[in-house]
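Working notes, beginning with the structure itself.
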Amino acid sequence: MAKRTPNHQLRNLIAESRLTYQSLAKEVRAVAAECGAALRTNKSTIEHWISGVVPAGDTGLYLTVALSRQLGRLLTLHDLGLAPREEDDDNLGLSLGEDPLDALLPMWSHELDRRRFLATSAYSVAAAGLPLSYVREIADRTATARTGRTIGMAEVEAVRDMVRLFSEMDERHGGQHGRSALVQYLRDDVAPLCRGRFHSDKVRQHMLSAASRGVHLIGWKSYDAGQQGLAQRYYLQSYALAVESGIPGHDGFVMRTMAMQGLKLHRPEHCQGLAETGLNRAKGKVDVQTEGLFRVVHAHTLAKSRRRQAAVAEAERARTLLAADCGDEVPFWALAWGPPAASAYSRNAKVYETLGDRKASAEQYARAAASRPASYARIVALDLAASAEMQLKDGGIEQACATWSRAMDHMNGVRSVRTRKAVTRMRGDLARFRARGVRCAAELDERAVDFLRLR
């Protein structure tokens, strides 16, 4: 019989917790009871685990929760010496497991350690289809907050406020600002709350939904940095949290985001399925403005599928819904890109661009920019830059230069890979006009050179 290897990691954590073996056994039984299981864990059981015996079934998870509760930080099975650390980093985040936090915690550690494999990971077509096949309900889980307190709506509102603050910073200054701070906040504060005791199931739902929105924002920051594979991994885990929350429409909204990403990357394989399924998940369960956001992305996928009539009809339905705003509150998670009308105009512009109507596209991009608060500097700049591109393709060089100039006005203080790409692309579009001596093109190019040198 092979000799067991003592579990020094577990022994040290128990010593740090200052719990006696008998007290820890009681805590493990309590956690199991909260999850609907009955255990007979006692002092001797704890001693066996320290000697190297691996807890059977889900007992190790209950032990992890009990020690997390006592120590005030989130622990994993690996931390307790009960599971090897996942070495297959290439697949990290590209699956939908029982607990999204199990994927997110190592991802966040790698981000903070500046590990490069995630930042340079490729977009996966196969992974883009995961939400379409993810039909198994994630089981309810009960864990604990860092302080062991019972969590109520006050904690949910605090998380929403912080995510909103990070989101506003992102829009004003670009995705490279505040990223590490957001990762640390979600890892150290939000993740433990998601495994906490809740006053009610409703509070639990809203906490998981708020966490999903925070993870969605990291995905968006990754997208803005040009890290498409990493963005996709975060969107998948945001989706898993949204599913677990059970908030009507939220999971569909993340599917909508994944459809948008696929369209941007010219990988349409799952986009229409994601957009249609997302819409069906939300239709009749959300306010009319939010439904309009779902429909306009669906319209874009239809346009990409060359279903012109259906695309125009769906875009018109989205416009009608937004015009018929009944004053209902838009969900927190649906405000990821600011006012719904502005988001819809921007997406409508892409519908018309896909259909070849450059004039209508330019008008919609400009309307989107005008509908956003000035604090949304990055997206206003990008909408204006896209409008200028359409104006140029429609033959209006001077009009395009004027619009591009306005776009660059909004780029001051913004650190974003996408704004840099927009300016670089602008220089390429204007090259032939500079060669002809067109004054507005030459002046704009000088400004662009200064912009790129400083960033």
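The values are calculated or read from the model by the stated rules, or taken from the named source; none is laboratory data. Worth saying up front: this structure is predicted, and the values here are computed from it rather than measured. So basically every Cβ, Gly included, is an ideal-geometry build from the backbone, and we count neighbours across all protein chains shown.
On inspection, Ile397 does not qualify as touching an Asp or Glu at 6+ places or on another chain (Cβ under 8 Å) and not small (Gly, Ala, Ser). The helices (runs of 4 or more DSSP H) found entirely in the stretch 357-430 that carry 2 or more residues being outside the structural domain of Ala442 (by TED's automatic domain parsing) and under 26 Å from the mean Cα position of the chain (by Cα) are 358-370, 377-393. Within the option set Arg378, Arg372, Arg307, being charged (D, E, K, R) and surrounded by fewer than 20 Cβ atoms within 10 Å (Cβ to Cβ) holds for one residue only, Arg307. Got at least one residue in the stretch 337-350 being basic (Lys, Arg), at pLDDT below 95, out of contact with any helix residue (DSSP H, G or I) (no Cβ under 6 Å at 6 or more places or on another chain) and on the phi < 0 side of the Ramachandran plot? Among the residues of the stretch 337-350, not one is basic (Lys, Arg), at pLDDT below 95, out of contact with any helix residue (DSSP H, G or I) (no Cβ under 6 Å at 6 or more places or on another chain) and on the phi < 0 side of the Ramachandran plot, which makes the answer no. The residues listed here are Ala211, Ala299; of these, the one that is assigned to a helix (DSSP H, G or I), at pLDDT 95 or above, in contact with a helix residue (DSSP H, G or I) (Cβ under 6 Å, 6 or more places away or on another chain) and under 22 Å from Ala342 (Cβ atoms) is Ala299. There is at least one residue in the stretch 215-229 that is part of a helix (DSSP H, G or I), modelled with pLDDT under 95 and hydroxyl-bearing (Ser, Thr, Tyr).
Give the residue, chosen from Gln205, Gln184, that is over 27 Å from Ala374 (Cα atoms), surrounded by fewer than 19 Cβ atoms within 10 Å (Cβ to Cβ) and at pLDDT 90 or above.
None of the other options fit; the residue is Gln205.
Go through the stretch 262-295 residue by residue and tally those that are surrounded by fewer than 22 Cβ atoms within 10 Å (Cβ to Cβ), in contact (Cβ under 8 Å) with a residue 60 or more places away in the chain and not hydroxyl-bearing (Ser, Thr, Tyr). Result for the stretch 262-295: 4. Does Val254 qualify as being in a helix (DSSP H, G or I) and within 23 Å of Arg204 (Cα to Cα)? The answer is yes for Val254.
Residue-by-condition table, conditions (1) within 17 Å of the chain's Cα centre (by Cα); (2) at pLDDT below 70; (3) part of a helix (DSSP H, G or I); (4) of a type in the set (Val, Ile, Thr):
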| residue | (1), (2), (3), (4) |
| --- | --- |
| Leu74 | no, yes, no, no |
| Ala83 | no, no, no, no |
| Asp90 | no, yes, yes, no |
| Ser95 | yes, no, no, no |
| Glu98 | no, no, no, no |
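Confirm whether Lys350 is surrounded by fewer than 20 Cβ atoms within 10 Å (Cβ to Cβ), farther than 30 Å from Glu157 by Cβ, in contact (Cβ under 8 Å) with a residue 12 or more places away in the chain and of a type in the set (Lys, Arg). Here the answer is no, as Lys350 does not meet what is asked. Is at least one residue of the stretch 223-238 more than 23 Å from Gly93 (Cα to Cα), touching a residue at least 60 places away in the same chain (Cβ under 8 Å) and of a type outside the set (A, V, I, L, M)? Within the stretch 223-238, not a single residue is more than 23 Å from Gly93 (Cα to Cα), touching a residue at least 60 places away in the same chain (Cβ under 8 Å) and of a type outside the set (A, V, I, L, M).
Here Ala37 fulfils each of the conditions (1) surrounded by fewer than 18 Cβ atoms within 10 Å (Cβ to Cβ); (2) in contact with a Phe, Trp or Tyr (Cβ under 9 Å, 6 or more places away or on another chain); (3) in a helix (DSSP H, G or I) apart from (3).
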